Structures are given as structure tokens and as C-alpha cells.
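First up is the structure itself, then whatever we jot down about it.
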Amino acid sequence: MALLELVDIEFNYSDKELYQKASLKINPGEHCCLVGINGSGKTTLLNLIVGELRPDKGKVMWEPHVTYAYLDQQLKVEQDMPAIEYLYGVYSELFAMEKEMERLYASAASGEGDYERILDKAMKLGDKLQEKGFYSLQEKVGRLTDGLGFDKSDLERPLRQLSSGQREKAYLAKMLLEEKDVLIMDEPTNFLDAFQVEWLASYLSNYPKAFLVVSHDEAFLRKIAKVVFCLENKTVTRYKGDFESYLAQHALDLEQYRKNYEAQQRYIKREEDFIARHIVRATSARAAKSRRARLAHLEVLAEPGKEGGKVFFSFPFTHDVGEKPLLVEELEIGYTFPLLSPISFLLKKGEKIAILGQNGVGKTTFLKTILGKIPSLGGSYKWLEGIQVNYFDQDERIDLDMTPFEYVHSFYPELDNTKIRTVLGAVGVRKELSMRKMRELSGGEVTKARFAVMTLRKSNFLVLDEPTNHLDQKAKDALFDAIERYPGGVIIVSHEKDFYDGLVDYELNF
Ligand SMILES: Nc1ncnc2c1ncn2[C@@H]1O[C@H](COP(=O)(O)OP(=O)(O)OP(=O)(O)O)[C@@H](O)[C@H]1O
Ligand SMILES: [Mg+2]
């Protein structure tokens, strides 16, 4: 019996039907991934699975007693708790057992009651703790927190004092420690760096139980997927096998779909011609009418490749300013103490670079330092006069009650409505999305609205901090092209090697 089964799910947001009889099944131990373009309904499907939303039609069936964890639901946790205590909270039952064992030993030692019986009870508890891995907990938790890039001082701070990325990682760590039957994760790599993604991929590959992971990160999917669910044209198709074999099979299916679509279009055209010619003739009007009725009931296939519409990015370039746009010398970055050893490099005209590094926080801090957003702790950086930077900030906080239209307008109040709509439309935020609150948009749709503002900003230098998060492959390709065409300097921080490879002149390793 499957752990989880979705049968003929339908769900509508006021103006949009997301699924037509979508079905999905997860068996014990299956390592599943769910893919699909931005806005296709992946996050919504996860919310239906965990019961945050109810389907309009169809069934979500969990096998009784199956346990699951959903990364998004952790947001209700007590924020004053130190991170480490939060993580050890998973084992509260074992700690209670240990306490009880100690109490028993103490009472045995005090000579009260039945010594033999108490000692026996205490020893049994000790065996049980041993069996449950209690004595290797520290090592286990340590492996996890190391893998996710926590240092000791982070772990002792209350959750509310951690950066949002660190906090997400604490939730992720806790979820992994709980070892539920099914892990459900929505784009877990967005807040991880390359090393941590690697670590998570190997952790998940060895996970003895099942998971369902949504991601646009193909390199990650290649490492973890054993079953791929593809959400497309409002239905879910199951592909057994790894990501590579999914891509191959999906390409064949797409080819077949295209053939079916073309055949259907030819059929529709033929029928329409017949109807047009005969509907006015007394002798054949009846036949024409019946054919028209039949045509009206036909389930018309959606045009392939059209789902989600076009996406196009372009960053307006002002002018060149000289040969050496950026010189960094012995720069020390951090908040109270330097996070990395001093950094020195010279960026020449038109050079594009990627910054890599061990440390989870150092790269964003470096970018913020050279952009003058936080003070440096030593050394220097010098931009050539006339440099105008267009910055994509990983940590930008946006007001989710704004619509994309209002968001763009807040930066460019002088633009007229048509222009704002055009700009949003170009990056794939269609008209109906542009007037809806951001909190009612998908992750990718919100990111595209942020890029809309960037396509208006004139610049001669791009600084991009994890720009591919939330974007589907089509949007990533469009972003790649825009950066490739851009004549100015570019600094990219990204955990997706597939993205910046082939784009940058060289990589800088901190
Ligand atoms: N509360 C809401 N009200 C109305 N529409 C919504 C709401 N939440 C999401 N939507 C719309 O439903 C569609 C599916 O959203 P969902 O977040 O499930 O997509 P997704 O597949 O997870 O996309 P992404 O890859 O961008 O994360 C989107 O077009 C989105 O705009
Ligand atoms: Mg989503």
C-alpha cells in the first residue's frame, strides 16, 4: 500500500484552475521529486498534501500512522529558544528517559526500597537508550550542523537572532533529525551554498525513508531523484528512474504530445472548414450542425511549449568607464571579527566572475561590503568613478501585501501604467498576476517581479546574489542570456555551477 495517494485532484484559485484530475502516489522509501514551471502549482500541491489546503475535488489519502514533516510548517516554532536546544528537542523523550534512569540509580544508591528491582529497571532504561542511539546523539547532531555550515556560536543563539538563511537551515536540520516516514520539502536548496547542497544531496540519497522534494535545481535533482513527478498542463505524470532518464522519457513524451496536438489541430481545421461550407446549405446544414456540436465537446490540447508564456530579461547598459572598474585590496569583511582572510583582486573591464567559498555567510557579506552597505574591517575597495551597480539582493525584504505593479511603481513612480505592465509582462508576470498581492503569487512569480525592477535600472555593473533561486529552467535560460549579452562587469554568487559555468571568465575562491 502506498504511503500517500492523491486521486483525481482538482483545485482552483478564484481565477485559475491548477489541476485536472491530478494523481500521485508515493510508496515506502521512494525518493521522489516534483518538477514543473513557475506557477504550475507545485507549492499548492504540497499544501494540499499536508492538509493546509483542501482540494475542490478528488482525494488526498495518507496511510494511517504514516508520519511526515513539511519544511514550511516549522514557522510556528518558539523563537526565543537557542538553536541547539531546538534541535535536541527532537529527542525530548530520550532525555526524559535518561532523567528517569538517573533518578532510579540515585534511589538505588540511597538504599531505599527494593535495590535489585530498581537497579534492574534503571539498567533496562540504559539499554533502551543505548538501543535508540542516545549515546551517539551528539555526534549525530554535530554531523548535521557541520554539514549545514553552523558554527558553535550560531547554535547557542536564540533562533530569532539567526539570519533568515540560518534559521531555515535550523528548521531543515530538525526535520532531518526527526526521521519521519516522508519528508516534504519545497525548494530546500534556495538558502544553501554549493557545499551544503552537496551535503544535503548525499544525506537525502542515503535517507532510508521516503521524500518528496520540489526543486528547480537540476544538478541537485540529478543527485537525489529516483522517481520524478512532472506537473505540466494541469496533470501529474510519474516517471520512474533518475532525473536523466526522466529528461529522456519526457522529451519523447513531448514529441508525441506535439504530434497529437498537430493532428488534432488539423482535424479541427478540417471540421471547421466543413462546417463553414455546409452550415448554410439546406441539404447539409444538419450534418454541419452535428459536427459543430461534436467539435464543441472536444477536449482541445494546449499548445506545447506555450505554458507559462515567454520570459525575457535585459539589463540596460549605460557606458564604459575605464579599464579597471573594481580594485579590492586586502579587504577584511565581517561584523565584529573578519570572516575570511583578507581579499585582494582586480576586475578588468567587461570581466564576469563567480565568487565561491566555503563559508555560508562570507559571500553575501563581501558583496554588501563592496556596495557600501556594511563597513569593512580593514583594507580597501575602489570602484572607478562613474560605476553604477545594478544589485540583486538575496536578502531583499519585500512587502508581500504589494502587487507587482505597485512594487515596480514604488521604484519608478514616473512610469505610466502601460509601461509598467509591459515591463512585468516581458519577465513573465502576466497582467492578471501583476494586480494580485505578492503573497498570492508563487515563489518564481515574485522573483520575476523583482527582476522587472532590475530591467529598468540603468547600470554598467551587475552584482547578483543567488539570482537563480525560485526561477524555473526557462527563466534561468533567459537570465543567462541577459547576463551573457551584458557588456559591463558582473559578479555572481550562485550555488548553481550549471548556471555560472560558461558565463563567467573565472571563479574567485574565498
Ligand atoms: N493565495 C492565492 N490566491 C490566488 N492565486 C494563487 C494563490 N497562491 C498561489 N496562486 C497562484 O497559483 C499558481 C500556482 O502557485 P504555486 O505557488 O503552487 O506554484 P509553484 O509551482 O510552486 O511555482 P514556483 O515554481 O514559482 O514556486 C500561481 O500562478 C499563483 O499565482
Ligand atoms: Mg513554489
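A compact table of results
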read-out	value
Single unsatisfied condition, residue 107 versus (1) surrounded by 12 or more Cβ atoms within 10 Å (Cβ to Cβ); (2) at pLDDT 90 or above; (3) among the small types (Gly, Ala, Ser)	(2)
Residues being of a type outside the set (Val, Ile, Thr) and over 26 Å from residue 491 (Cβ atoms) - total across region 366-409	8
Answer from 497, 437, 419 - the residue that is charged (D, E, K, R) and surrounded by 14 or more Cβ atoms within 10 Å (Cβ to Cβ)	497
Residue 290 being surrounded by 14 or more Cβ atoms within 10 Å (Cβ to Cβ) and outside the structural domain of residue 432 (by TED's automatic domain parsing)	no
Looking only at region 88-134, and only at residues there that are without any contact (Cβ under 8 Å) to a residue 12 or more places away in the chain, within 16 Å of residue 177 (Cβ to Cβ) and not in a loop (DSSP other than H, G, I, E, B), the one that is nearest to the chain's Cα centre (by Cα)	92
Where a residue in region 393-405 is among the aliphatic types (A, V, I, L, M) and its partner, wherever it lies, is part of a loop (DSSP other than H, G, I, E, B) and crowded, with 16+ Cβ neighbours inside 10 Å, with Cβ under 9 Å and at least six apart	400/441
Output for region 466-491, where each listed residue is farther than 23 Å from residue 222 by Cα and buried (at least 22 other Cβ atoms within 10 Å of the Cβ)	488, 489, 490, 491
Selection status of residue 461, more than 15 Å from ligand 1 (Cβ to nearest atom) and either free of Cβ contacts under 8 Å to residues at least 24 places away in the same chain or buried (at least 21 other Cβ atoms within 10 Å of the Cβ) (or both)	yes
Elements of type helices (runs of 4 or more DSSP H) contained in region 388-446, each with 2 or more residues being of a type in the set (Phe, Trp, Tyr) and more than 16 Å from ligand 2 (Cβ to nearest atom)	404-411
Enumeration of residues in region 330-343 that are exposed (fewer than 14 other Cβ atoms within 10 Å of the Cβ) and either outside the structural domain of residue 484 (by TED's automatic domain parsing) or in contact with a Ser or Thr (Cβ under 8 Å, 6 or more places away or on another chain) (or both)	330, 335
Check on residue 60, more than 16 Å from ligand 2 (Cβ to nearest atom), surrounded by fewer than 21 Cβ atoms within 10 Å (Cβ to Cβ) and in a strand (DSSP E or B)	yes
Checklist (1) surrounded by fewer than 19 Cβ atoms within 10 Å (Cβ to Cβ); (2) more than 16 Å from ligand 2 (Cβ to nearest atom); (3) aliphatic (A, V, I, L, M); (4) under 24 Å from residue 309 (Cα atoms) applied to residue 453, failing item	(1)
In region 205-223, the residues that are buried (at least 20 other Cβ atoms within 10 Å of the Cβ) and either assigned to a helix (DSSP H, G or I) or assigned by TED's automatic domain parsing to the domain that holds residue 475 (or both)	220, 221
Subset of region 167-201 [among the hydroxyl-bearing types (Ser, Thr, Tyr) and within 16 Å of ligand 2 (Cβ to nearest atom)]	189
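The values are calculated or read from the model by the stated rules, or taken from the named source; none is laboratory data. Predicted model only: the values in this text are computed from it and were never measured. Cβ sites come from the backbone with ideal geometry, for glycine too, and all protein chains shown count toward neighbours.
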